[in-house]
Amino acid sequence: MVISRRTTLSLRTIALVYLTLLLLLPVAVVFWRTFEHGFGTAWSFMTTPAAVSALWLTILLALIAVPLNTIFGVGAAMVLVRGKAPRAGKAILDSLIDLPFVVSPVIIGLALILVYGQGGWFGDVFTNHGIRIIYAVPGMAIATVFVSLPFVVREVVPVLREVGDEQEQAAATLGASSWQTFWRVTLPTIRWGVAYGVVLTTARALGEIGAVLVVSSNVAGSTLTLPLLIFQRDEQVGGQVSTSVYAAATELAVLSIVVLLLMTMFGSRTKEAR
Amino acid sequence: MLYMSVFVLVPLAAVVAKSVSSGLGTLWDSIDNTLAIRAIVITMTASLIVAAIGAIMGTLVAWVLVRDQFRGKRVINALIDLPFALPTIVAGLTLIALYGPGSPVGIHLAYTRAAVIVALLFVTLPFVVRSVQPVLLELDQEVEEAAASLGASNLTTFRRVILPVLKPAIFSGAALAFARSIGEFGSLALIAGKVQIASIVIYADIESGSEQSAAALSVVLMLVALIVLLILRWIGARVGH
């Protein structure tokens with residue numbers, strides 16, 4: 001099919017204009033707004049005690065959710081692809097894993113309040129032992145785990161299917177225990193899939209707002225993550241978005257651009273490996 | 001399974017239980033007010049519009065990324081993932097910065113339905129592009145050449161030869177975009193203003209302490225979303241054959 005130069009160019013123009021208006025320009029304007037009153041002003045908003053503690057809490061939540069979901073993700077993927085469970089059981093697990101993607105984050109937050117909050121199903125058990133889950137960091141951690149749960153599973157399952165189990169069987173015939181086979185044969189072959197899943201999990205954990213907002217007490221300096229800080233600062237200035245808001249957004253955007261770079265790197269590796 | 005139960009299943013069960021905790025009648029009463037129904041209608045309409053625009057523009061972008069050659073294509077290709085990497089609240093903020101009050105380009109969309117659509121298009125951009133792209137890459141160009149040599153115009157070739165192969169990928173990408181749009185909160189929290197999007201209404205309900213009506217709206221929203229997704233999947237399966 002020979003496509004005329006004119007058609008090619010007009011399609012290219014439409015695509016690029018669309019992407020510029022939707023993605024590039026808005027992001028560029030945020031950076032520009034952040035530094036429009038000078039670098040010092042923006043920096044002072046990024047280094048207030050509230051902002052610093054928000055940055056650390058954001059990172060802490062990611063550090064809790066990512067390892068947990070990585071271990072669960074690889075395990076669940078192994079069960080789904082290699083496990084001997086009946087097909088119906090696997091199909092149910094398979095669709096349940098996607099729930100966090102289809103349920104609104106706000107509903108996830110509400111769900112956690114109803115279970116772990118005061119008067120919730122298990123809430124009183126924890127309250128009686130003096131442990132606060134909802135409106136405190138543990139609840140925010142659970143919310144983060146919930147929303148970022150499916151990524152590793154979804155990345156690892158296709159890779160496991162693709163590579164097949166011949167090498168694993170070979171290892172088993174040579175006398176390797178199933179644990180050895182997993183560490184020495186399976187894990188090395190799926191490592192790029194796992195890595196890409198980890199990057200996606202991290203991106204989601206760093207940026208989550210809906211679920212975390214509902215279960216946080218939103219106190220600056222203790223239960224604010226960077227996304228929540230942006231939300232709160234925006235409310236304080238009554239929608240008249242100011243440098244304080246843009247500065248926090250830029251800080252978070254820089255974190256996530258690092259994640260995007262990793263994403264591109266691991267993403268192309270997984271495709272090559274397939 | 002235990003891990004799933006602690007983090008996912010038990011909490012969701014609690015929402016369903018809460019919504020019917022004072023009997024099915026109360027569930028219906030909480031839904032049967034204009035605000036809740038409006039919220040669901042607005043959310044569904046917006047999500048369907050986003051899925052439709054996303055399907056068309058996403059396919060177009062994927063086509064350009066696969067078939068066209070130009071400088072900087074790799075950078076553009078990497079940028080497609082930006083909405084997945086960028087926290088949604090920042091995504092909403094970027095759109096306010098450009099199209100909100102004090103807009104440098106003089107367009108004021110913020111706090112309108114149009115803004116909601118634009119924000120949703122932003123966060124769901126990668127779905128269709130990333131599901132169509134690999135299919136286009138694998139597509140055998142010889143079939144297209146055969147069609148062309150038999151006298152088919154480009155448009156006919158696209159409609160009769162290429163599009164049928166792409167349809168399942170377009171549909172599954174659009175369905176993902178739709179599902180994401182229904183529940184989206186972060187990117188809309190700042191930009192939606194008075195537009196009554198379901199997730200924002202639910203959040204307001206929780207904040208004001210009416211967990212019962214929040215749970216009721218949640219359950220209905222999840223049910224309607226499930227039904228629409230099943231219909232989309234059914235249409236997708238039919239056009240795939």
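Laboratory data are not the source of any read-out in this text; all were calculated from the coordinates shown. In this text the structure is predicted, and so the values were computed from the model without any measurement. Heads up, the Cβs are rebuilt from the backbone with ideal geometry, glycines too, and the neighbour counts pull from every protein chain shown.
Quick check: convex hull over the Cα atoms of the protein assembly as shown, volume per residue in Å³, rounded to an integer?
Expressed per residue, the convex hull around the Cα atoms of the protein assembly as shown is 172 Å³.
Determine Rg/Rh for region A:110-246; Rg is computed over alpha-carbon atoms and Rh is the Kirkwood hydrodynamic estimate from the same atoms.
Over the Cα atoms of region A:110-246, Rg/Rh equals 1.18.
Could you work out the longest stretch of chain B that avoids the trypsin sites (Lys or Arg not before Pro) located in DSSP loops with at most 14 other Cβ atoms within 10 Å?
That would be B:72-193.
Past the 30 angstrom mark, what percentage of all C-alpha to C-alpha distances in chain A do you count?
Taking all Cα-Cα pairs of chain A, the fraction more than 30 Å apart is 45 percent.
Between B:Q133, B:Q141, B:Q196, which gets the highest mean-square fluctuation from a Gaussian network model of chain B, Cα cutoff 10 Å?
B:Q141
Which of the trypsin sites (Lys or Arg not before Pro) across region A:112-207 are loop residues per DSSP, with 16 or fewer other Cβ within 10 Å?
Here the sparse-neighbourhood loop sites are A:R132.
With a length cut of 15 Å (Cα positions projected on each helix's long axis) and a Kyte-Doolittle mean of at least 0.0, go through chain B and give me the DSSP H helices that pass.
Passing helices, by number: B:34-67, B:88-99, B:113-138, B:163-183, B:211-240.
Report the paramagnetic label zone for B:A17: residues of region A:118-140 whose backbone N is under 13 Å from a point 7 Å from Cα along the Cα-to-Cβ axis.
Of the residues in region A:118-140, A:119-125 have backbone N under 13 Å from the label point off B:A17.
To two decimal places, what compactness ratio does chain B give when its Cα radius of gyration is scaled by 2.2 N^0.38 Å?
Against the compact-globule rule of thumb, the ratio is 1.19.
Using a Gaussian network model of chain A whose springs link C-alpha atoms within less than 10 Å, name the residue from A:E235, A:E166, A:E251 with the highest mean-square fluctuation.
Top of the fluctuation ranking is A:E166.
When the dipole is taken about the Cα centre of region A:41-273, and only Lys, Arg (+1) and Asp, Glu (-1) are charged at their Cβ, what size is it in debye, to the nearest 20?
Result for region A:41-273 is approximately 360 debye, rounded to the nearest 20.
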